[in-house]
Amino acid sequence: MNKFFGLYILTAFFHSCTGQISGNKPQENIKLPMENSQTKQEKIIKSDDEWRKELTPGQFHVLREKGTENPFSGKYYKHNEKGFYTCAGCGVELFSSEKKFDAGCGWPSFFESLSGKVDTIVDNSHGMHRIEITCHKCGGHLGHVFDDGPKPTGLRYCVNSESLDFKKP
């Protein structure tokens, strides 16, 4: 019975970051900031073999295979230093610590990304409708964005720690 209860709890945590809990608005209503063409960067394109040589197995799983780390396990979930969260794949700055908040979902959460640094893609995998977020420069999977965040944006960028590094100012 304990195994089933543990699986139930893990499933509840997973769903807390999927936006699929009853009462949440459909994800197609999310209003994301427009990308600023002046912030566009040259794209990084590498083979899986090249990425495997540069990333840890956990980073490769999240960034290149669209995996998800276990909730409450990431090194940046309770991280509170001032600075910038960067892409673990290419080093580009993605989020400011000033925009980080504790959503209680088990993953680092931000209410705003840096302009032009994060792309969005409709994700209908796993029987859910979500909005995937990726690094604009290397295309690495970061997590998903939901419309249940705090003001002023109302957004919650739910990000895997494995996809991030941190840089002090």
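Only the coordinates and a few stated rules stand behind these numbers; no lab work does. Note that the coordinates shown come from a computational prediction; the quantities given were computed from them, not determined experimentally. Note that each Cβ is placed from the backbone with ideal geometry, even for glycine, and that neighbours are counted across all protein chains shown.
Dipole of the stretch 37-109, Cα-centred, from +1 at each Lys and Arg C-beta and -1 at each Asp and Glu C-beta, to the nearest 20 debye?
That gives the stretch 37-109 a dipole magnitude of about 100 debye.
At 0.36 nm per residue, and after removing the present C-alpha to C-alpha distance, how many nm does the segment from ASN80 to ASP119 gain when stretched out fully?
Stretched fully, the ASN80-ASP119 segment lengthens by 11.6 nm.
Placing +1 at every Lys and Arg Cβ and -1 at every Asp and Glu Cβ, with all other atoms neutral, what dipole size does the stretch 62-168 have around its Cα centre, in debye to the nearest 20?
260
Check which residues have an amide H placed less than 5 Å from THR86's amide H, if you skip close sequence neighbours.
Under 5 Å from the amide H of THR86: LEU94, ASP165, PHE166, LYS167.
Enumerate the aspartates and glutamates that LYS117 could reach by cross-link, defined here as Cα to Cα under 18 Å, with residues fewer than 8 away along the same chain left out.
Within the straight-line cut-off, LYS117 pairs with GLU35, GLU42, GLU93, GLU98, GLU132, GLU162, ASP165.
Over all directions, how big on average is the projection of the convex hull of the alpha-carbon atoms in the stretch 44-128, in square nanometres?
Over every viewing direction, the Cα hull of the stretch 44-128 projects on average to 6.6 nm².
Residue by residue through the stretch 155-169, which ³J(HN,Hα) values in whole Hz follow from phi under the Karplus form 6.51 cos²θ - 1.76 cosθ + 1.60 (θ = phi - 60°), with glycine and proline marked x?
9, 10, 7, 9, 10, 6, 4, 4, 8, 10, 10, 10, 10, 6, x
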